[in-house]
Amino acid sequence: MFENFERNSERCRDYKVIAEFIRSVVPARWRPIGYLEQLVRSRTDGRIPKGPFAGMRYIHNAFGSAYVPKLLGIYERELNPFIEQACASNFPLIVDIGAAEGYYAIGMALRNSHARVIAFEMEEKGRAALKEMAELNNVVSRVEIHAKCKPQDLARLLTTSDRALILCDAEGDEETLLDPETIPMLAHTHLLVEMHEFVSMGITERVTKRFAATHKVRRIWQEDRDRSDLPFATLGTRVLPRAYLDWSVSEWRPERMSWLWMKPRTVNAPAA
């Protein structure tokens with residue numbers, strides 16, 4: 001499987017060069033990826049058809065990540081069992097760091113109607129998209145949107161609940177943010193964290209060691225994607241080069257990614 005991932009990654013890199021040229025000369029609606037995005041949006045009617053957030057309404061774009069996999073409900077599908085575990089745990093507090101347009105923040109708000117959801121997104125355009133997603137799915141009153149998450153912000157939030165879930169995609173800042181020595185409540189918090197080895201080599205090992213005494217840590221590896229994940233067939237999909245179909249369902253990763261699912265050995269903080 002990993003060899004297939006490497007080959008597909010090489011094809012996607014080759015396609016990216018071609019795509020950049022096409023974008024410079026062809027209007028968006030006539031580009032192959034534009035066609036495929038419109039096809040998926042039309043066939044799904046803008047609602048995710050499957051996965052943990054099935055039924056969630058989606059805006060017309062994603063912020064800083066792949067759109068088609070999110071709209072199909074296959075985005076980061078390796079994490080689906082752990083998202084289901086999290087939803088079954090009924091966390092009163094869910095913190096999403098690096099929320100982008102809100103795939104997880106809005107999805108978790110829909111799945112966890114009694115939870116307080118805090119979404120951190122440092123980019124203004126991302127926060128605007130997050131707000132649009134919240135409005136589209138009628139969860140504005142339950143999703144708080146903030147800019148960049150700092151350690152003191154996280155520490156303050158975790159004092160408000162003795163049972164919390166953190167979803168973190170912080171582009172390498174996870175090592176700075178997630179430190180139980182700085183934020184003791186992290187020792188009792190569930191975490192699902194995307195690791196960014198291409199930003200800081202060895203970060204996964206360092207974070208794993210940091211939580212080894214307090215958490216059961218499981219590493220989850222990204223799986224391969226290919227054109228078979230695109231469920232819609234048209235004349236257009238039959239004539240397009242296969243590389244475009246593979247690219248449309250890929251997640252545009254710079255390398256094979258992994259996540260850490262960290263479950264605390266004890267949940268509640270000891271009495272003061």
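The values are calculated or read from the model by the stated rules, or taken from the named source; none is laboratory data. Just so you know, these numbers come straight off a predicted model, no measurement behind them. Here the Cβ positions follow ideal geometry from the backbone for every residue, glycine too, while neighbour counts run over all protein chains shown. Calculation scope for accessible area: heavy atoms of the full protein, side chains included, ligands and nucleic acids excluded. Shrake-Rupley method; radii C 1.70, N 1.55, O 1.52, S 1.80 Å.
Can you name every residue in the stretch 215-247 that is at pLDDT 90 or above, within 21 Å of residue 103 (Cα to Cα) and either surrounded by fewer than 18 Cβ atoms within 10 Å (Cβ to Cβ) or not aliphatic (A, V, I, L, M) (or both)?
221, 222, 223, 229, 231 - these are the residues of the stretch 215-247 that are at pLDDT 90 or above, within 21 Å of residue 103 (Cα to Cα) and either surrounded by fewer than 18 Cβ atoms within 10 Å (Cβ to Cβ) or not aliphatic (A, V, I, L, M) (or both).
Every residue, every condition in (1) in a helix (DSSP H, G or I); (2) in contact with a helix residue (DSSP H, G or I) (Cβ under 9 Å, 6 or more places away or on another chain), yes or no:
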{"site": "85", "(1), (2)": "yes, no"}
{"site": "90", "(1), (2)": "no, no"}
{"site": "113", "(1), (2)": "no, yes"}
{"site": "125", "(1), (2)": "yes, no"}
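So, in the stretch 129-145, how many residues would count as being more than 17 Å from residue 67 (Cβ to Cβ) and open to solvent by 70 Å² or more (accessible area, probe 1.4 Å)?
Total satisfying the criteria: 5.
For residues that are in a loop (DSSP other than H, G, I, E, B), surrounded by 13 or more Cβ atoms within 10 Å (Cβ to Cβ) and small (Gly, Ala, Ser), tally how many sit in the stretch 248-272.
Number of matching residues: 2.
Please find, among 100, 119, the residue that is on the phi > 0 side of the Ramachandran plot, small (Gly, Ala, Ser) and not in a helix (DSSP H, G or I).
On the way: 119 fails: on the phi > 0 side of the Ramachandran plot.
The unique qualifying residue is 100.
Any chance you could count how many residues in the stretch 161-170 are surrounded by 20 or more Cβ atoms within 10 Å (Cβ to Cβ) and out of contact with any Gly (no Cβ under 7 Å at 6 or more places or on another chain)?
Our first condition is that a residue be surrounded by 20 or more Cβ atoms within 10 Å (Cβ to Cβ); within the stretch 161-170, this holds for 164-170.
After this cut, where a residue has to be out of contact with any Gly (no Cβ under 7 Å at 6 or more places or on another chain) as well, the list is 164-167.
Qualifying residue count for the region: 4.
Please go through the stretch 207-227 and give me each residue that is in a helix (DSSP H, G or I) and touching a Lys or Arg at 6+ places or on another chain (Cβ under 8 Å), ordered by number. I'd like the intermediate steps shown before the answer.
So the first thing to find is which residues in the stretch 207-227 are in a helix (DSSP H, G or I), and the list is 207-211, 227.
Within the stretch 207-227, 208, 227 meet the criteria.
Between a residue in the stretch 82-102 that is open to solvent by 10 Å² or more (accessible area, probe 1.4 Å) and any residue that is acidic (Asp, Glu), which pairs come within a Cβ distance under 6 Å, given they are 6 or more apart or on different chains?
98/169
Mind checking which pairs have a first residue in the stretch 50-72 that is closer than 21 Å to residue 254 by Cβ and a second that is open to solvent by 60 Å² or more (accessible area, probe 1.4 Å) and in a loop (DSSP other than H, G, I, E, B), Cβ under 8 Å, 6 or more apart or different chains?
63/123; 64/123; 65/252; 66/252; 67/61
Taking the stretch 171-206 as the search range and keeping residues that are more than 17 Å from residue 255 (Cβ to Cβ), assigned to a helix (DSSP H, G or I) and of a type in the set (A, V, I, L, M, F, W, C), which one is most open to solvent (accessible area, probe 1.4 Å)? Lay out the reasoning, then the answer.
The first filter runs over the stretch 171-206 and keeps only residues more than 17 Å from residue 255 (Cβ to Cβ), leaving 173, 175-192, 206.
Filter once more, keeping what is assigned to a helix (DSSP H, G or I): 175-177, 184-188, 206.
Going one step further and asking which of them are of a type in the set (A, V, I, L, M, F, W, C), we end up with 177, 185-187.
On the way: 177: 9, 185: 39, 186: 0, 187: 16 Å².
Per the stated criteria, the residue is 185.
Among the residues of the stretch 146-160, which ones are in contact with a Phe, Trp or Tyr (Cβ under 8 Å, 6 or more places away or on another chain) and either open to solvent by less than 30 Å² (accessible area, probe 1.4 Å) or part of a strand (DSSP E or B) (or both)?
So in the stretch 146-160, the residues in contact with a Phe, Trp or Tyr (Cβ under 8 Å, 6 or more places away or on another chain) come out as 146-149, 153.
Passing the criteria: 146, 149.
If you take the residues of the stretch 112-128 that are charged (D, E, K, R) and surrounded by 21 or more Cβ atoms within 10 Å (Cβ to Cβ), which of them is farthest from residue 87 (Cα to Cα)?
As a first pass, look at the stretch 112-128 and keep what is charged (D, E, K, R): 116, 121, 123-125, 127.
If we keep only those that are surrounded by 21 or more Cβ atoms within 10 Å (Cβ to Cβ) too, we end up with 121, 127.
Numbers: 121: 22, 127: 24 Å.
Going through the qualifying residues, I end up with 127.
Could you say whether any residue in the stretch 34-44 is open to solvent by less than 10 Å² (accessible area, probe 1.4 Å) and assigned to a helix (DSSP H, G or I)?
Within the stretch 34-44, the subset open to solvent by less than 10 Å² (accessible area, probe 1.4 Å) is 36, 40.
Now narrow it down to the ones that are assigned to a helix (DSSP H, G or I): 36, 40.
Among the residues of the stretch 34-44, at least one is open to solvent by less than 10 Å² (accessible area, probe 1.4 Å) and assigned to a helix (DSSP H, G or I), which makes the answer yes.
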